[in-house]
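Undergrad: Dumping the structure here so I can ask a few things about it.
Values in this text are rule-based calculations from the coordinates and carry no lab data. Everything quoted here is computed from the prediction, not taken from an experiment. FYI the Cβ positions are ideal-geometry reconstructions off the backbone, even for glycines, and counts take in every protein chain you see.
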Amino acid sequence: MNIPILRLAEGDAPFCGDPRQSHTIPARFYFDRQIFDLEKEAIFYRSWWCAGHKSQVADPGCYITTQIHDQSVFVGRTRSGELRAFYNVCQHRGHELLTGSGRANLIVCPYHAWAYDFDGTLKAARNTDDMENFRKCDFSLKPVRVEEFCGFVFVNLDPDAATLKEQTGDLEEEIRHYAPQIDTLAFARRDTYDVDCNWKVMIDNFLECYHCHTAHKDFVDLVDMDSYSTKTHQLYSSQVSNAARSTENNAYSFKKGEVDFGYAGWFLWPNLTIWVYPGEPNISTLQIIPAGPERTIEYQDWFVPEGKVTGQLKDAIEYQRDVLQPEDISLCLSVQKGLRSKGYNQGRFVVDKTKSELSEHAVHHFQKLVVDALGAELS
C-alpha cells in the first residue's frame with residue numbers, strides 16, 4: 001500500500017529525532033480524519049494486537065473474538081490443542097461467524113449454517129452435495145497470524161510481520177521479573193471506558209509521570225517517585241518504581257509480595273499498556289482502541305491467580321477503576337478540547353538530562369513511532 005506522505009504544514013515547527021530539541025507532533029494528528037484513516041492501514045493492520053489471554057482459550061473449542069477497526073478476527077483452540085486465528089467471516093456470503101467468547105464443537109454460521117472446524121476447514125455446507133465443481137477445501141477460513149506472549153494472545157493481519165518475540169527483545173523477561181507467577185494468572189474482570197478523545201492522547205498521557213504529582217495524589221502516595229524511571233526500547237517502553245512508599249497509603253493497602261517494588265508498567269506498540277501493582281500476584285492490561293478521530297474505547301482487563309479476586313486485589317482494582325482512571329480520563333478530555341483550539345498547534349517535550357520521573361522522552365519515543373509508521377516528513 002502506498003501511503004500519502006504527510007509533510008509540515010504552514011505554521012508547523014519541526015518534529016525531530018532528538019527529544020530535547022523536538023516539538024510535539026502537530027495538533028491535527030489528533031483529530032484529522034485522513035490521518036486517522038491512514039493509521040488503520042499503516043499501524044493497526046501491520047502490528048501485533050492483543051486479542052485476549054490464554055486462560056480464555058484454554059480448552060479445545062474455546063474461542064475469543066476481537067475487532068481491529070473494521071476487521072473482525074477470532075482465535076480458537078483446535079482439537080489437537082493448537083492456537084489458531086482466522087478472519088471472522090463465513091466464506092459463503094460473508095456473514096460474521098462468532099461474537100464475544102465461548103466454546104463450541106463446530107463454528108456454525110448463523111446465516112446458512114455452513115460449519116467449520118477450529119483448524120479453519122469447512123466441514124459442512126448444506127445443499128451442496130450435487131453441485132458441480134464445488135470442493136469444501138476451496139472454502140477454508142482465511143488465517144491470521146497468532147502468537148502467545150507472557151500468557152496473552154496476539155494477532156497480526158500482516159502475514160510478513162516479524163514475530164512479537166523478535167520485536168520486543170527483553171520485554172518478556174522484564175514482565176516475568178515483576179510478575180513471577182504470571183503463568184498461574186487467569187482472566188478475572190473487564191472494565192470498559194468510552195472516551196471522547198483521540199487514542200494517541202491517552203497513550204501520551206500514560207507515557208509520562210510529569211503530571212503525577214499534580215493529578216495523581218494517591219498514586220504518588222503509593223509509589224516511591226525518587227526511584228521511578230522510564231526507559232524506551234524498540235517497540236516498547238517501561239516505567240518502574242523500585243519501591244512502594246508504604247504498604248499503608250491513600251491508594252490501597254497491601255502486603256509485600258514475592259517481588260518488592262512500587263509499580264511496573266509497560267507500553268507495547270501500538271496501543272497496549274501492561275500494569276503490575278505491588279502486593280498479591282496480578283497483572284492488568286489497558287488496551288486503547290481507536291473508535292474514531294476523537295473517540296477511544298478502553299478495555300481494562302485484570303488477571304489474578306485462578307481468576308479469583310481477593311480482598312486486597314479488589315481494593316487495587318477499585319482504586320484503578322474509581323480513582324486513577326477517572327483522573328486520567330478527565331485530563332485527556334481537556335487535552336482533546338485544547339488540541340482543537342486555534343491558540344495551540346505544538347508544544348515542546350520536557351526532557352531532562354537524567355531522564356527522571358518528570359521527563360517526557362517516552363512520549364517522544366511513541367510519537368516518533370507514529371511519525372515513522374505514517375512515513376511523515378515533519379522535520
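Undergrad: If we count every other residue with Cβ under 14 angstrom of Lys368's Cβ, Lys/Arg +1 and Asp/Glu -1, where does the sum land?
TA: -3
Undergrad: Post the alpha-carbon centroid distance, the stretch 251-304 to the stretch 25-49, in whole angstrom.
TA: 23 Å
Undergrad: How much space per residue, in cubic angstrom, does the convex hull of the C-alpha atoms of the chain take up? Write down the numbers at each step before the final one.
TA: Numbers: hull volume 54.8 nm³, N = 379.
Hull volume over Cα atoms, normalised by residue count, gives 144 Å³.
Undergrad: So, with +1 on the Cβ of K and R and -1 on the Cβ of D and E, and no other charges, what is the size of the charge dipole of the stretch 13-61 about its Cα centre, to the nearest 20 debye? Don't jump to the answer; show the numbers that get you there.
TA: Values: 6 positive and 6 negative charges, 17 e Å.
Using only the charged Cβ atoms, the result is roughly 80 debye.
Undergrad: Return the inverse of the average 1/r over all pairs of distinct C-alpha atoms in the stretch 49-156, which is the Kirkwood hydrodynamic radius, in Å to one decimal. Mind dumping the intermediate values first?
TA: Working: mean 1/r = 0.0712 Å⁻¹.
By the Kirkwood definition, the hydrodynamic radius is 14.1 Å.
Undergrad: A follow-up question, please. Filter the GluC sites (Glu not before Pro) in the stretch 1-82 down to the DSSP loop ones having no more than 12 other Cβ atoms within 10 Å, then list what survives. Please list the in-between numbers first.
TA: Numbers: sites: Glu10, Glu39, Glu41, Glu82; in loops: Glu10, Glu82.
Answer in residue order: Glu10, Glu82.
Undergrad: May I pose another question? If a paramagnetic tag sat 7 Å from the Cα of Asn133 along the Cα-Cβ line, which residues of the stretch 75-118 would have the backbone N under 20 Å from that point?
TA: Hits in the stretch 75-118 for Asn133 at 20 Å: 91-93.
Undergrad: What does the charge count around Glu96 come to, taking other residues whose C-beta lies under 14 Å from its C-beta (Lys +1, Arg +1, Asp -1, Glu -1)? Write down the numbers at each step before the final one.
TA: Values: positive: Arg93, Lys142; negative: Asp70.
Net of charged neighbours comes to +1.
Undergrad: Here is a further query. In angstroms, what radius of gyration and Dmax does the stretch 93-218 have, counting Cα atoms only?
TA: Computed over the Cα atoms of the stretch 93-218, radius of gyration and Dmax are 21.8, 72 Å.
Undergrad: Kindly provide the pair-distance distribution of the stretch 242-379 built from C-alpha pairs, with 10 Å bins from 0 and whole-percent values in order of increasing distance.
TA: 9, 31, 35, 19, 6, 0
Undergrad: Highest mean first, what order results for 111-121, 229-239 on Cβ atoms within 10 Å?
TA: Working: 111-121: 17.7, 229-239: 19.5.
Result, highest mean Cβ count within 10 Å first: 229-239, 111-121.
Undergrad: With +1 on each Lys and Arg Cβ and -1 on each Asp and Glu Cβ, and nothing else charged, work out how big the dipole of the chain is about its Cα centre, in Debye to the nearest 20. Spell out each step's value before the answer.
TA: On the way: 39 positive and 54 negative charges, 117 e Å.
Dipole about the Cα centre, nearest 20: 560 debye.
Undergrad: Using helices alone, I'd like the mean residue ellipticity at 222 nm for the chain: each DSSP H run of four-plus residues gives -39500 (n - 2.57), total over residue count, nearest 500.
TA: Values: 9 runs with 76 residues, N = 379.
Theoretical 222 nm ellipticity from helices: -5500 deg cm²/dmol.
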